[in-house]
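Okay, so here's the structure we're looking at.
What follows is calculated from the coordinates using simple rules that are stated; it is not laboratory data. From a predicted model like this one, the values you see are computed outputs, not experimental measurements. Cβ: placed from backbone, ideal geometry, glycine included. Neighbour counts: every protein chain shown.
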Amino acid sequence: MDVDLSHIPLMLDVSGDPETPVPAAMPGEQCACCGLWTQKLWQGARSGFTASHAVCTLCYLAGHLDSPTAAHGVLAYLPGMAMTDVHHLQRRALIAILGGTRTQRAQGKRVLLWLARHGREVEQAWGTTRAGEFAMAFQRLPPHKRSTLRNRLEGCALILP
């Protein structure tokens with residue numbers, strides 16, 4: 001089995017569609033952004049990267065902040081931590097919360113709380129942490145100016161409750 005260590009860059013973005021995005025299932029076994037091996041992948045094309053590619057649920061939501069599910073999340077500032085690592089950490093915390101021992105559940109909750117607390121920096125800089133508000137800001141910008149907002153959000157990641 002060959003291992004491809006190159007992945008599609010992951011960034012906060014919106015679908016680029018005027019309608020509410022609806023996830024479309026894609027064939028495959030590995031997320032093109034974070035490398036997660038999974039049985040359920042979604043079409044990951046977004047405003048800033050329109051090529052068709054299959055992504056896991058967390059990478060889909062990060063690239064589709066305008067989706068109803070992503071709107072429940074918050075942005076957290078975690079400089080120096082790759083967004084893919086944040087996704088893997090969230091995923092492990094959720095697994096611990098849903099299926100772990102009492103100690104593992106408590107630790108999973110602590111990890112998610114720690115991630116969400118990093119929203120304070122985003123709140124101070126932008127006045128909000130809500131992903132839905134950032135999605136509206138992206139949508140108000142013409143496509144050629146969205147990269148400026150993406151660059152300013154460097155170091156931020158979507159944290160889901």
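Points worth noting:
- Gaussian network model of the chain, Cα within-10 Å springs - most flexible of Ser147, Ser47, Ser67: Ser147
- Spin-label model, Glu154 to Arg117: label points 7 Å out along the Cα-to-beta-carbon direction sit 2.7 nm apart.
- The range 46-69 and the range 129-160 have their alpha-carbon centroids 13 Å apart.
- One quarter of the surface of the convex hull around the alpha-carbon atoms of the chain equals 10.0 nm², the direction-averaged projected area.
- Exposed loop sites, defined as GluC sites (Glu not before Pro) outside DSSP H, G, I, E and B with at most 13 other Cβ atoms within 10 Å, are absent from the longest region of the chain, namely 30-153.
- Length gained on full extension, Trp37 to His88, computed as 0.36 nm times the residue gap minus the Cα-Cα distance: 17.2 nm.
- Rg over Rh [alpha-carbon atoms, Kirkwood Rh] for the range 1-79: 0.97
- Semi-axes of the equivalent ellipsoid for the range 77-161, computed as √(5λ) from the eigenvalues of its C-alpha gyration tensor and ordered from largest down, come to 29, 12, 11 Å.
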